[in-house]
Amino acid sequence: MKDIPLGSLLIGSVLGFSATLAEARTLPEDLLNLSLEELTQIKISGPSRTLQTLSDVPASVTVFQRRELRSMGIDFLYELLSFVPGLQTSRDNNYGAAYFYSARGSSTAQETTSILLLIDGVPRQEVRSTSAISGLLPLDRIERIEIIRGPGSALYGSGAFLGIINIISVKGNNLIKIQPGEPDRQQLEGQLNVGSGNWELDAFLYDYRDQGEAFQLNDRLGDELKPTTDPQQASNAVINLRYRDTQLTWEHFRYSSQQFYSIGAISNPVNESENSYDHISLRQNLDFGALQTTLQVSYTASETTFVSQGTEYGELAAISNPSSNAPLVADVLYESHDLLLQWLNDWHINTDNTLQFGLEKKHEEITTARLNSNYDTVMLANMEFPVDYSASRDIRTNVLETGGRNIYGVYAQLQHRFDNSTSFTLGSRYDDYTDFDGQFSLRLAMIKELQNEHYLKLFYGEAFRAPGFNQLNIKESVTVARNPDLEAETIRSTELVWLKQTTDYTVSTSVFYNILENQITTRATTDGKSSAVNEDTEYSSGIELEGSVQLSPQWLIRAGYTRFFTLPDRADRESDQLASIIAHYQRADWWFNLAGYYNSDRDMAREELGPVDAFTVLNAKLGFLLSNDITTTLQVKNLLAEDAASVPQNINITTPIPYRGRELSIGLEIQL
């Protein structure tokens, strides 16, 4: 990996800090005044669709606020998730700017389909694969993030299989921010808040790009190491317009990469991928006193494109017409959209009972799923030789059957407090699909305050993940078979949690046991074709520890540890031990944050290749107040230049997929 020296940028930063030291004053309240007591009293909404504190919520939850996120030496959502117990990330070998993440042992050897991503209460799932739309999602757009571990389908339906990420977007700021650095990094950001009377508008604008790091990597086309880089780009624009209890939101999110891996292959002149999403939603909140109602309609359109080299040079020369030494190059485009209608209710019946209930209708549709290539891939798959060749790469094939489906969901959840120390939650949801069987999900929870500041929680939950269009609508060929009997993946989970919470420290222990049924994977059928199939029942279990302590007004420490006792067979590429620590120090006009995480070794898909080594990554950030409105930062990711890597999803790749080495950047933020 490239080892980036700290050198001149560090020296320049120190000189810049020294030059303005005499002018520094007290730090802004919203930036650095981190208090554990305040963090424990945060009201969160994701686990039960009503506002509750961490001690009352019927789920295992990790929460970060904007203040913490701004102080950590990281930039994107996937980086943050490594600091959450039970979660781990994996770098993708299909799309260069994509990262997968998993919860409680669900495999990262596929797209992120086991965790539901919500942004301001709206699911963000890619229709084709049902995976979360995240990519290089910037942390700067987040006001609060709630990471919920365990099944959530009883409230949210498909996708909330082993976790939910609930993001509340940032609002109410006026600032500009620049953050240049290595490797040739450029980042520009602006936030705007204006209002008049009952009208208010918030805007978030973000652009990021870098030139990537140099690597020597193996791919699925051969055993030799190939030089490549991993340049990445991301842009995000959000506009939120509010009038009283009515809210209109528009968002555009795009991320892309060149070179690096594309569908398991490295071909620097060819490889590129781009994902873009456009979203618009309209929300109306209605206040009927004890009953709070939300009516919401949202529409999301997504587009995924990638170009990948499929064969080596000369491999098809003997079987092509006209004969060509050119490698097969595929240019793939997926276009899809979904429309979601929601009627959501939160009824506070009395001091001891609340009821959450609602209806949802969703329409999902794949409109384009085409492959343009220089060879006829249908003829090649069906072994019809010679295969037609066109240098203009205009031979078109549909890779999925286009079409849509409707999903109807109804849910209800009762929360009852027996007395001041005991509460009970019962929830259920039914989802009906037009292209396969309906699904029923159940949720039970009991919370008991054993004594002052001690809580015992017992959870049982069920969840499912509906097959995606890429599994149900695959095109038939002599090598691929469609499975009309494919069923939804399901899980039954039991969890016991002990929580101790004071104004100076919190500590929690979670022990969980999961029964996973009908997990979907790809297998060879009896006639030699590959097909999506449901696996036999598997199990996972483990323990998660999480704690925070306020050592003094200046020091705040957060830490987590995970140990998996059993993992599903297809999760053999997961680490079985995870750990993290975040140390934050603040003093008057400056602050320092050191955050590190550990992943134990992971097994490669082929046993003879041995494991991917365990690693520890440290990130650091130093911030300094130049004036009441201007803050400068020095950020170093992977401070020790650790050789961190994940397991490739493609079994023909024999080298681990590396994360980047040390990355240094300097930020300047101006409050307007």
Fill in the blank from the handout: Note to self: with every protein chain in place and a 1.4 Å probe, the stretch 411-455 gives an accessible area per residue in Å² of 52
Problem - lysines with Cα under 28 Å of Lys226, excluding same-chain neighbours fewer than 8 positions away - result: Lys2, Lys637
Exercise for the section: Convert 37 °C to kelvin, take the viscosity as 0.692 mPa s, use the Kirkwood radius over C-alpha pairs of the chain as Rh, and evaluate the Stokes-Einstein diffusion coefficient in µm²/s, rounded to a whole number. Expected result: 125
Handout entry: Accessible-area composition of the chain, carbon plus sulfur, in percent [1.4 Å probe]
Key = 55
Practice task
Would you mind computing Rg(Cα) / (2.2 N^0.38 Å) for the stretch 108-169, counting N as its residues?
Solution key: 1.05
Practice task
Whole number in Å², please: accessible area per residue of the stretch 274-374, 1.4 Å probe, ligands, DNA and RNA not counted.
Solution key: 43
Handout entry: Local electrostatic count at Asn285 - Lys and Arg +1, Asp and Glu -1, tallied over other residues with Cβ under 13 Å
Key = -1
Exercise for the section: Compute the label zone of Leu426 within the stretch 317-351: residues whose backbone N is under 20 Å from the point 7 Å along Cα-to-Cβ. Expected result: 345-351
Exercise for the section: State in Å² the accessible area per residue of the stretch 67-162; use a 1.4 Å probe, count heavy atoms of protein chains only, and round to the nearest integer. Expected result: 11
Completion exercise
Accessible-area order for Leu567, Leu316, largest to smallest, probe 1.4 angstrom, reads Leu567, Leu316
Practice task
Using just the alpha carbons, could you tell me how many Å³ per residue the convex hull of the stretch 263-320 encloses?
Solution key: 145
Problem - Sequence-distant lysines (8 or more away, or on other chains) whose Cα lies within less than 18 Å of Lys529 - result: Lys475
Fill in the blank from the handout: Here the convex hull volume per residue of the stretch 211-314, taken over Cα atoms and given in Å³, is 139
Handout entry: Residue-averaged [θ]222 nm for the chain, counting only DSSP H segments that reach four residues, each worth -39500 (n - 2.57)
Key = -1500 deg cm²/dmol
Problem - Computed Kirkwood radius, in angstrom, where 1/r is averaged over Cα pairs of the stretch 266-363 - result: 18.2
Fill in the blank from the handout: The lysines whose Cα lies under 25 Å from the Cα of Lys171, excluding any fewer than 8 residues away in the same chain, are Lys43, Lys621
Handout entry: trypsin sites (Lys or Arg not before Pro) restricted to the stretch 423-465 and DSSP loop, no more than 10 other C-beta within 10 Å
Key = none
Practice task
With a bin width of 5 angstrom, please list the P(r) values of the stretch 354-456 as percents of all Cα-Cα pairs, from the 0 bin to the one holding the largest distance.
Solution key: 3, 10, 12, 10, 9, 8, 8, 8, 7, 6, 6, 5, 4, 4, 2, 0
Practice task
Using only protein heavy atoms and a 1.4 Å probe, report how much of Arg602 is accessible, in Å² to the nearest 10.
Solution key: 0
Exercise for the section: Could you tell me the largest-minus-smallest coordinate of the C-alpha atoms of the stretch 305-360 on each of the three principal axes, in descending order and whole angstroms? Expected result: 78, 20, 15
Exercise for the section: Mind ranking Asp207, Asp219 by accessible surface for me, highest first, 1.4 Å probe? Expected result: Asp207, Asp219
Exercise for the section: Could you give the size of the charge dipole of the chain about its Cα centre, using +1 on the Cβ of each K and R and -1 on the Cβ of each D and E, expressed in debye and rounded to the nearest 20? Expected result: 1160
Problem - Kirkwood hydrodynamic radius over Cα pairs of the stretch 155-286, then Stokes diffusion coefficient at 25 °C and 0.890 mPa s, in µm²/s - result: 136
Exercise for the section: Round to the nearest 10 and report in Å² the accessible area of Trp343, as given by a 1.4 Å probe over the protein chains' heavy atoms. Expected result: 100
Fill in the blank from the handout: With all protein chains in place and a 1.4 Å probe, Arg91 shows an accessible area in Å² (nearest 10) of 0
Practice task
Just add up the charged neighbours of Thr425: K/R +1, D/E -1, any other residue whose Cβ is under 12 Å from the Cβ of Thr425.
Solution key: +3
Completion exercise
If each part is reduced to its alpha-carbon centroid, the stretch 410-444 and the stretch 581-617 end up apart, in Å, by 37
Completion exercise
A chain fully extended from Thr293 to Val549 at 0.36 nm per residue, minus the present Cα-Cα distance, gains in nm 88.4 nm
Problem - Charge dipole (debye, nearest 20) of the stretch 254-396; +1 at Cβ of Lys and Arg, -1 at Cβ of Asp and Glu - result: 120
Exercise for the section: Could you give me the radius of gyration and the Dmax of the stretch 592-660, taking only the C-alpha atoms into account and expressing both in angstrom? Expected result: 17.5, 59
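The values are calculated or read from the model by the stated rules, or taken from the named source; none is laboratory data. This is a predicted model, so every value here is computed, not measured. Please note: Cβ atoms are built from the backbone with ideal geometry, for glycine as well, and neighbour counts cover all protein chains shown. Just the protein is used for accessible areas: all its heavy atoms, side chains included, with ligands, DNA and RNA removed. Shrake-Rupley method; radii C 1.70, N 1.55, O 1.52, S 1.80 Å.
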